[in-house]
Every structure is written in C-alpha cells, then in structure tokens.
Amino acid sequence: MRAMSERIEGRAVGVIVAAGSSRRMDGVDKVFTTLAGRPLLAWTLAAFKKCEAIDGIVLVASASGIDRMGAFVREWRMPKIEAIVGGGATRQESVRAGIEAATDAVIVGIHDGARPLVTPELIARGVEEAREHRAVVCAVPARHTVRQVDGDRVVRGTLDREGVWLSQTAQVFARELLLEAHRRAEATATDDAALVEALGHEVRVYEGDPSNLKVTTAMDLVAAEALLRARFEG
C-alpha cells in the first residue's frame, strides 16, 4: 500500500453531490424537501459555508436541474459556491464532473448533498487529516452484529464488528489522486474511497458522527428533522 506523509498545502474545495434521482422518495427531489424550516440542501451547504477549512464549493446538480439549482443558490446566498455543474448518469460520473470543475483545488472534500447533519467541525477534521494522509474517509464503528448472506438470504458468516466501520461523507482527498482514481476506474465503485483503494493507495478513517445520516427515504427525513431540532433546541 502506498501512502504519502508530506503535508499538503493549498485550497480545499467541497464537492457537494446533489444530482440523485430520488427513486426511494417517490420521485420527490429530496435536496429541496423542507427540513426543519428550510430546504434540506440549505442545511448541508450551511455547514460548508461556515467551515473555515473550506475555501470554495462546487455543486453538482442533475443535468436537467442546473437552472433550478442556480435559483436556489441565489435565493439562499451561498457566496462560497464557485461553480454549478451537471452530473452524469451515475454518482461516480457526477463526482468526477465536480472534481474536474474544481480546477484550482489541491484538496477536495466529496459530500452527499442529502447528508444535512454534517457539521463544520467534522468537515474541518477531514480536511486536516487529508492534508496529512492524502485520502481519508469519514466513518463510524459498527454498533450492530453484521452478517454476510447469499442471494437466498442464507447467513454465510458473521463478521467481526471490531474491524467494521460504516462509511459516511465527507470523504477528503488530494485532488490529483482522486482524479487519477476516477480516470483509471475499470468499474463502478460504491464510493470514492474504493476507487483510491483500487490504485493501491492507503485510505484512512477519521471518526464521524452517528447523526450524520443520509436521507434516502421518508423515514430518514423524519429522523433528520428530529435530530436537527434537538441540536438547535438542546
């Protein structure tokens, strides 16, 4: 496994991916769904706006939603946003479009637009870790027993959860490393860290937050609403 220890200096840009199809939300564009009084995406962007470790933001929208996204950004006054680009047919293609648009970035932090509970502190920690290690992924230790099953849902093994971490975002990388990983990808990966792993580069974990959930269903939206209200009322 290759790893680089020399600290990386230079601009850090957040790449926020908000180009999903919302199939599990009955066709509703979840990033514009109202969450605790404002659009879900506004919460996500606010964390990056407040994070001093982030110098700029590239926002990836669906190819058909760029105009709507532009109007949203103007309405919510997000001065750090440097570009809005159209995504591709897959998340991987959308992320690559965002990386390529962040032309003057040295560090890129890839984040799901549908993770509205990320905090400025969590983002900053990822950027700092990436400056030291070039490739880091936000994750939390598994708290439940994890079983491996086959296509018939028959249990074939129980994993040792001691070494199992559940990935979140932001995932933060040296831009050139991640861009190389995308260009050399031979198959679709589940996330960006997997592409970097395929190059033979070491990827490190920095501890995330169990509340940093991704909204993919209506039930997730209910949970996110409760967590946000608890955070600001507590």
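What to note about this one:
- Comparing Cα centroids, the range 26-70 and the range 159-234 end up 17 angstrom apart.
- The helix-based estimate of mean residue ellipticity at 222 nm for the chain, built from -39,500 (n - 2.57) per DSSP H run of four or more residues and divided by its residue count, is -10500 deg cm²/dmol to the nearest 500.
- Size descriptors for the range 124-177, from the alpha-carbon set: Rg then Dmax equal 15.5, 44 Å.
- Per residue, the solvent-accessible area of the range 25-95 (1.4 Å probe, heavy atoms of protein chains only, all protein chains present) comes to 48 Å².
- For the chain, the fraction of 1.4 Å probe accessible surface lying on carbon and sulfur atoms is 48 percent.
- Per-pair calculated FRET efficiency, R0 = 30 Å: Val164 and Ala83 via Cβ, rounded to 0.05: 0.25
- Signed unit charges on C-beta, dipole axis of the chain, positive-most listed residue Ser94, Leu41, Ala124: Leu41
- Taking GluC sites (Glu not before Pro) as exposed when DSSP calls them loop and at most 15 other C-beta atoms lie within 10 angstrom, the chain has its longest site-free stretch at 53-185.
- Straight Cα distances below 22 angstrom link Lys50 to the lysines Lys80, Lys214, with same-chain residues fewer than 8 positions distant left out.
- Residue with peak Gaussian network fluctuation, the chain [Cα springs, cutoff 10 Å], from Gly86, Gly109, Gly37: Gly37
The values are calculated or read from the model by the stated rules, or taken from the named source; none is laboratory data. The structure presented is a predicted model; accordingly, all values stated were derived computationally and were not measured. Please note: Cβ atoms are built from the backbone with ideal geometry, for glycine as well, and neighbour counts cover all protein chains shown. These area figures cover heavy atoms from the full protein model, side chains too; ligands, DNA and RNA do not enter into them. Shrake-Rupley method; radii C 1.70, N 1.55, O 1.52, S 1.80 Å.
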